[in-house]
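All remarks here apply to the structure that follows.
The values are calculated or read from the model by the stated rules, or taken from the named source; none is laboratory data. Because the structure is predicted, anything quoted here is derived from the model rather than measured. With ideal geometry, Cβ positions are generated from the backbone for all residues, glycine too; neighbour counts draw on all protein chains shown.
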Amino acid sequence: MNRRVVITGIGAVSPNGIGREAFWDATKNGLSGVRRISRFDPSHLPVQVAGEVVGLDESQYVQSKDRPHVSRVVPLGAAAVAEALADAGVDYRGMTRDQLREVGVIVGSGGGSQEFTEHQYRLYYTGKEKQCSVYTIPTSTIGTLASEISMRFGFRGMSHIISTGCTSSTDALGYAYRNIRAGVLDMMVAGGVDAPIAPLILRGFIVMRIMSTAWNAEPERASRPFSRDRDGFVIAEGAWFFVVEDMEHARARGARIYGEVAGYGSTCEAYHRVRLEECGEEPARTMLLAIQEGGIAPEDVQYINYHGTGTELNDRIETRAVKLAFNGHAYKLAGSSVKSLIGHPQGACGAAGVACTLLAMRDGVAPPTINVDEPDPECDLDYIPETGRRMDIEHAVANCIAFGSKNSALLLRRV
């Protein structure tokens, strides 16, 4: 059984906008959500900016008595899922138990509840161990994050976490696609959430020397994919979730369809914990696997949503991979990096790119990559610099690259 798989609902909680349309309005107009960190005082650190979500009323999604016992990823994720379900016209409150058993949850997250665990250690080592949560162990266990989403909405189908670094939410959507395509379930909630803005997590990335330190005074200019003067990525948080379902199931219930997941590819370079292999062959092969599964040729793709982190290595090698995958079409292929606008939300970044791409297809507007002030000679493709562009998008690739040599890509098709 090879059923067609579509996306019928989108929810977004982003640094540059809470809610799908607020996120999209800011993104297509090139408005950054990167700002000075407010969660804690960063003045002693060389990195003082992040893509923070500001203004979310967490009490709508987690009861006050439960909030000390869960990570920030829980309200972020629940908010995005609630919006996606409402957008898709899924009344989970009115479902029978048997109907709830037919909805699965697959969450992509690189760090899960790491910031919660860090806080528990902080309490312990500062003599406040009596304040530690009774749920320190289950909340710190990454698989519980999917359970939190399932419990919040009552879904009784599979409840899984995919944690593959930066490709986590791309892989979560890929797994949802494969399960629905094979007929395991008709509907799944899938996407990504991460909330890594915490002192020790930040310190760990700083030690690796892969974060931007040059733009603390101008946060919105810090995330600079493909620009010659880029100096690293900007850490971010956020959640982007989708209702994914069998096309016939969606049509039978009269759902609006944003687009089809037409192909999925995933490879591993088996090369290094954090570095990319210079040749770019495996990221290229990943994109080609997704394209081939969709039954089209590379030249049929009009848009690519780049991983585009703003690190010297990623941007250069991803550009090389696109050239390998698309040959001469690479120079005709427009693409952009949403990370220039929101920072890098780790394992949730792929879902952010998919949301951005589906909304670009809907409106016929490709979003820009901002802050490309000095184009890198080795990054010489069309990254839609500074200003969004009207364009007709029938096929698009959403690409992701992760620590541990992982690569994942989705082919999206307008329906």
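Looking at (1) farther than 27 Å from residue 106 by Cα; (2) out of contact with any strand residue (DSSP E or B) (no Cβ under 6 Å at 6 or more places or on another chain); (3) at pLDDT 95 or above, which one does residue 393 not meet, given that it meets all the others?
That leaves (2) as the condition not met.
Condition test on residue 286, is it polar (S, T, N, Q), in a strand (DSSP E or B) and either surrounded by 15 or more Cβ atoms within 10 Å (Cβ to Cβ) or more than 21 Å from the chain's Cα centre (by Cα) (or both)? Can you show your working first?
Details: polar (S, T, N, Q): yes; in a strand (DSSP E or B): no; either surrounded by 15 or more Cβ atoms within 10 Å (Cβ to Cβ) or more than 21 Å from the chain's Cα centre (by Cα) (or both): yes.
Spelling it out, it is not the case that residue 286 is polar (S, T, N, Q), in a strand (DSSP E or B) and either surrounded by 15 or more Cβ atoms within 10 Å (Cβ to Cβ) or more than 21 Å from the chain's Cα centre (by Cα) (or both).
Specify which of the listed residues (121, 175) is among the aromatic types (Phe, Trp, Tyr), farther than 30 Å from residue 3 by Cα and at pLDDT 95 or above. Can you show your working first?
Numbers: 175 fails: farther than 30 Å from residue 3 by Cα.
Answer to the check: 121.
Which residue is nearest to residue 45 (Cα to Cα), if the candidates are limited to the range 216-231 and must be of a type in the set (Gly, Ala, Ser) and buried (at least 24 other Cβ atoms within 10 Å of the Cβ)? Please lay out each step first, then the result.
From the range 216-231, those of a type in the set (Gly, Ala, Ser) are 217, 222-223, 227; that's our starting set.
Next cut, buried (at least 24 other Cβ atoms within 10 Å of the Cβ) only: 222-223.
Values: 222: 15, 223: 18 Å.
The qualifying residue nearest to residue 45 (Cα to Cα) is 222.
Out of the residues in the range 167-214 that are surrounded by fewer than 21 Cβ atoms within 10 Å (Cβ to Cβ) and among the β-branched types (Val, Ile, Thr), which is nearest to residue 102 (Cα to Cα)?
Out of the qualifying residues, it is 184.
I'm trying to understand the selection: among the residues of the range 196-247, which are assigned to a helix (DSSP H, G or I) and touching a residue at least 24 places away in the same chain (Cβ under 8 Å)? Reasoning before the result, please.
Applying the first criterion (assigned to a helix (DSSP H, G or I)) to the range 196-247 yields 199-208, 219-221, 247.
199, 200, 201, 202, 203, 205, 206, 208, 219, 220, 221, 247, listed by residue number.
Looking at the range 189-207, can you tell me whether even one residue there is more than 24 Å from residue 120 (Cβ to Cβ), out of contact with any helix residue (DSSP H, G or I) (no Cβ under 7 Å at 6 or more places or on another chain) and not hydrophobic (A, V, I, L, M, F, W, C)? Please lay out each step first, then the result.
First pass over the range 189-207, keeping only residues more than 24 Å from residue 120 (Cβ to Cβ): 189-191.
Within this subset, residues satisfying the condition of being out of contact with any helix residue (DSSP H, G or I) (no Cβ under 7 Å at 6 or more places or on another chain) are none.
Scanning the range 189-207 turns up no residue that is more than 24 Å from residue 120 (Cβ to Cβ), out of contact with any helix residue (DSSP H, G or I) (no Cβ under 7 Å at 6 or more places or on another chain) and not hydrophobic (A, V, I, L, M, F, W, C).
Which residue out of 328, 295 is of a type in the set (Gly, Ala, Ser) and modelled with pLDDT under 95? I'd like the intermediate steps shown before the answer.
Values: 295 fails: modelled with pLDDT under 95.
Going through 328, 295 in turn, the sole match is 328.
In this structure, does residue 59 turn out to be without any contact (Cβ under 8 Å) to a residue 24 or more places away in the chain, in the same structural domain as residue 138 (by TED's automatic domain parsing) and farther than 23 Å from residue 17 by Cα?
So residue 59 does not fit the description; no.
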